[in-house]
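Novice: The structure's right below; bear with me while I get my questions together.
The values are calculated or read from the model by the stated rules, or taken from the named source; none is laboratory data. In this text the structure is predicted, and so the values were computed from the model without any measurement. Because the Cβ atoms are built from the backbone with ideal geometry, glycine has one as well, and the counts that use them run over all protein chains shown.
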């Protein structure tokens with residue numbers, strides 16, 4: 001790592017990587033934090049950095065270029081993100097492609113810590129910030145932020161079909177056993193398509209409690225995990241944030257934070273868009289199917305031997321049955 005960075009910083013000498021440690025929890029990229037020290041203009045320097053490296057097999061297959069460019073698109077905007085430094089798409093340096101970013105240090109991401117009771121007084125502020133930021137993502141112009149160069153732009157009435165086709169194909173490929181509830185949900189989704197997207201938006205793809213950095217006062221300092229970013233219907237992101245799997249055991253609380261009605265109202269104010277209830281219902285159920293695709297794909301990566309890390313099998317063990325129940329709840333069949 002030090003040798004690679006030294007090649008990117010010709011003005012630096014004595015480049016060293018210190019205290020590198022892996023951050024647990026990520027199943028789509030290996031994530032490490034470290035301190036970079038070097039000498040420049042006869043003065044010692046230091047920087048806290050993050051390494052995101054492709055694993056041998058992933059919970060989801062994504063392009064690291066997409067994640068890197070999504071972060072860069074929202075730099076210095078109303079959407080707080082870490083600053084990107086270098087993207088390496090070849091395997092020579094670290095055996096797998098990777099990118100390096102500045103660390104937003106001193107904050108917490110764990111939903112379990114946030115929802116443990118110690119932060120109860122600030123949960124309304126977290127909710128306000130969470131769905132305001134999601135509204136800012138929906139409001140952004142994909143072309144103005146530079147993402148149409150990297151992401152395919154579907155026509156508004158094709159957003160739903162492209163996403164449903166994609167996740168159904170992954171379920172077809174990866175399922176290890178029949179999934180009758182998921183297949184029933186897919187049949188309903190195809191029989192009852194949503195209206196065309198009211199605008200083409202940047203879709204984060206995994207905007208949920210657990211994928212942002214917060215402090216004890218309830219402020220949000222960084223939105224993380226953009227690896228599933230794409231262009232599509234802004235209600236897709238809203239529906240993912242509302243799907244029941246993310247209540248974390250706090251029944252009736254979107255993301256474990258507030259009522260779904262409050263979350264939608266915050267999002268509408270920030271985005272300037274409207275969340276048609278029927279369309280949002282479609283996208284919420286779709287996101288239950290998408291979630292199942294992720295958990296089943298994670299199990300397939302583990303069972304196939306491509307990645308035997310425990311984090312790969314844990315989501316399947318923990319969430320496949322819970323996701324079935326979430327689907328039944330959204331369909332009114334629980």
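Novice: Would you mention how many residues in the range 84-104 are surrounded by 14 or more Cβ atoms within 10 Å (Cβ to Cβ) and part of a loop (DSSP other than H, G, I, E, B)?
Specialist: Looking only at that region, the number is 6.
Novice: A further question on this structure: Considering (1) closer than 22 Å to residue 239 by Cβ; (2) touching a helix residue (DSSP H, G or I) at 6+ places or on another chain (Cβ under 7 Å), say which one residue 150 fails and leave the rest.
Specialist: Answer for residue 150: the failing condition is (1).
Novice: Now, a different point. Which residue out of 134, 147 is within 18 Å of the chain's Cα centre (by Cα), under 26 Å from residue 283 (Cα atoms) and part of a helix (DSSP H, G or I)?
Specialist: On the way: 147 fails: part of a helix (DSSP H, G or I).
Among 134, 147, only 134 is within 18 Å of the chain's Cα centre (by Cα), under 26 Å from residue 283 (Cα atoms) and part of a helix (DSSP H, G or I).
Novice: Would you pick out the residues in the range 132-146 that are touching a residue at least 40 places away in the same chain (Cβ under 8 Å) and over 12 Å from residue 223 (Cβ atoms)?
Specialist: Residues of the range 132-146 touching a residue at least 40 places away in the same chain (Cβ under 8 Å): 132-140, 142, 145-146.
If the condition is that a residue be touching a residue at least 40 places away in the same chain (Cβ under 8 Å) and over 12 Å from residue 223 (Cβ atoms), then 135, 138, 139, 140, 142, 145, 146 are the ones that fit.
Novice: Kindly indicate whether any position in the range 202-222 is more than 30 Å from residue 116 (Cα to Cα), part of a loop (DSSP other than H, G, I, E, B) and either assigned by TED's automatic domain parsing to the domain that holds residue 118 or touching a strand residue (DSSP E or B) at 6+ places or on another chain (Cβ under 7 Å) (or both).
Specialist: There is no residue in the range 202-222 that is more than 30 Å from residue 116 (Cα to Cα), part of a loop (DSSP other than H, G, I, E, B) and either assigned by TED's automatic domain parsing to the domain that holds residue 118 or touching a strand residue (DSSP E or B) at 6+ places or on another chain (Cβ under 7 Å) (or both).
Novice: Give all pairs with beta carbons closer than 7 Å in which a residue from the range 167-180 that is in the same structural domain as residue 228 (by TED's automatic domain parsing) and surrounded by 18 or more Cβ atoms within 10 Å (Cβ to Cβ) meets a residue that is modelled with pLDDT of 95 or more and in a loop (DSSP other than H, G, I, E, B); count only pairs at least 6 apart in sequence or on separate chains.
Specialist: Qualifying pairs under 7 Å: 171/179.
Novice: Keeping to the range 189-209, report how many residues are within 22 Å of the chain's Cα centre (by Cα) and either more than 24 Å from residue 67 (Cα to Cα) or crowded, with 18+ Cβ neighbours inside 10 Å (or both).
Specialist: Kept after step one, since they are within 22 Å of the chain's Cα centre (by Cα), are these residues of the range 189-209: 197, 199-209.
The next check asks that each one be either more than 24 Å from residue 67 (Cα to Cα) or crowded, with 18+ Cβ neighbours inside 10 Å (or both); those that pass are 197, 200-209.
Of the residues in the range 189-209, 11 are within 22 Å of the chain's Cα centre (by Cα) and either more than 24 Å from residue 67 (Cα to Cα) or crowded, with 18+ Cβ neighbours inside 10 Å (or both).
Novice: Looking at the range 2-22, is at least one residue outside the structural domain of residue 298 (by TED's automatic domain parsing), within 20 Å of the chain's Cα centre (by Cα) and without any contact (Cβ under 8 Å) to a residue 12 or more places away in the chain?
Specialist: yes
Novice: On to the next question. Given (1) within 18 Å of the chain's Cα centre (by Cα); (2) under 25 Å from residue 301 (Cβ atoms), identify the lone condition not met by residue 169.
Specialist: It is condition (1) that residue 169 fails.
Novice: Next question. Quick check on the range 210-222: of everything there that is under 13 Å from residue 128 (Cα atoms) and surrounded by fewer than 17 Cβ atoms within 10 Å (Cβ to Cβ), which residue is nearest to the chain's Cα centre (by Cα)?
Specialist: Only one residue tops the list, namely 219.
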